[in-house]
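To start, the structure itself, in structure tokens.
The values are calculated or read from the model by the stated rules, or taken from the named source; none is laboratory data. This structure is a prediction, so every number in the text was calculated from the model and none was measured. So basically every Cβ, Gly included, is an ideal-geometry build from the backbone, and we count neighbours across all protein chains shown. Note: areas computed on protein heavy atoms with side chains; ligands, DNA, RNA excluded. Shrake-Rupley method; radii C 1.70, N 1.55, O 1.52, S 1.80 Å.
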Amino acid sequence: MMGKTLKQVFWGCVRASGIPMLVREVAHRRRAVVLVYHRPSPEHFRRHAVYLTRHYNVVSLGLVVDAIRSGDWSRVPPKALAITFDDGWRENYALLGLFREFGIRPMIYLCSGVVGTQRHFWWTTGGRALRKLKRLPHEVFLERLREETGYAPDRDYPERQTLSREEIREMAPHVDFGAHTRTHPILTQCDDAVCRDEIEGDKRDLEEILGGPVEHFSYPNGSLGDREARLVRESGYHSGRTFVYRGSNGARTDPFLLKGIDLQGDAPVALLAAQITGVHRFLTFFRAPRGYE
Ligand SMILES: [Zn+2]
């Protein structure tokens, strides 16, 4: 493994090579990049915001989705980039000042069964059961996790993990909110009824909390199949975003298969440039580490 400094030097050289710039100026000219963050610190996000607003035209996700749905790309500026956050972590509240300062209007995808409560996300509770996650039906997996760590989707913990309702309301003039299911299951491991309830129910819950329409969805863990995309469409959403399919989006992208690029929130700017343009994946041979979230 490369040390941290060596890594920075390496990605600095990649950036200096001009390859990320070439991708940006040529391949991203009439495309929109969608970035996926979770809970970057204000310090790191500021550095990213400086870079992103200098090299891209940062737009709202809604603008990109409207262009795809209407078939009219004319309102999307060249090198368009939308910023999204998954899960609604409480740390996101500290970024509000930066959103305003840099004129960034992000999309934050919320889980109605967790935000505004003292509940926790299941993958933060530890336990060996997490390793079996992908092989078990979601209910069985949850039961194993409950036996092992005492976790339950409706259990209150002392520490609040996500945004409070007051914070969400305060952010609403500057942030768009989307849906990310009620409790963040891996949808592809849920039966039809649960899958539908998680997708449809989150929209209903959030519309009540926000007092307005919730039109955009992001697939938990990026996981989806045909059923999930169909249910998102049937539930009345305008888009579904994943990060399993990486890359940029154009006029012919299926709005329910929006591609996103999940980032390390603390990535140095040179690595950020490489990640956005796909140069990073090419050079690391698709071995970038993946988490849950
Ligand atoms: Zn998530």
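A few remarks follow.
- Among the residues making up the range 260-288, those that are within 16 Å of the ligand (Cβ to nearest atom) and at pLDDT below 85 are Gln264, Gly265.
- Some residue of the range 225-233 being in a loop (DSSP other than H, G, I, E, B) and at pLDDT 95 or above: no
- Test result for Asn57, within 16 Å of the ligand (Cβ to nearest atom) and within 26 Å of Tyr219 (Cα to Cα): no
- The residues of the range 144-175 that are open to solvent by 40 Å² or more (accessible area, probe 1.4 Å) and not in a loop (DSSP other than H, G, I, E, B), listed by number, are Arg144, Arg146, Glu147, Glu148, Thr149, Arg165, Glu166, Arg169, Glu170.
- Among the candidates Trp89, Trp73, Trp123, residue that is of a type outside the set (Val, Ile, Thr), within 16 Å of the ligand (Cβ to nearest atom) and more than 15 Å from the chain's Cα centre (by Cα): Trp123
- Number of the exception - Arg165 against (1) under 18 Å from Asp87 (Cβ atoms); (2) within 16 Å of the ligand (Cβ to nearest atom): (2)
- Test: residue in the range 44-53 that is in contact with a Gly (Cβ under 8 Å, 6 or more places away or on another chain) and within 21 Å of Leu110 (Cα to Cα): yes
Rundown of residues vs (1) more than 16 Å from the ligand (Cβ to nearest atom); (2) on the phi > 0 side of the Ramachandran plot; (3) hydrophobic (A, V, I, L, M, F, W, C), yes/no style:
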residue	(1), (2), (3)
Glu143	yes, no, no
Leu187	no, no, yes
Ser218	no, no, no
Ser235	yes, no, no
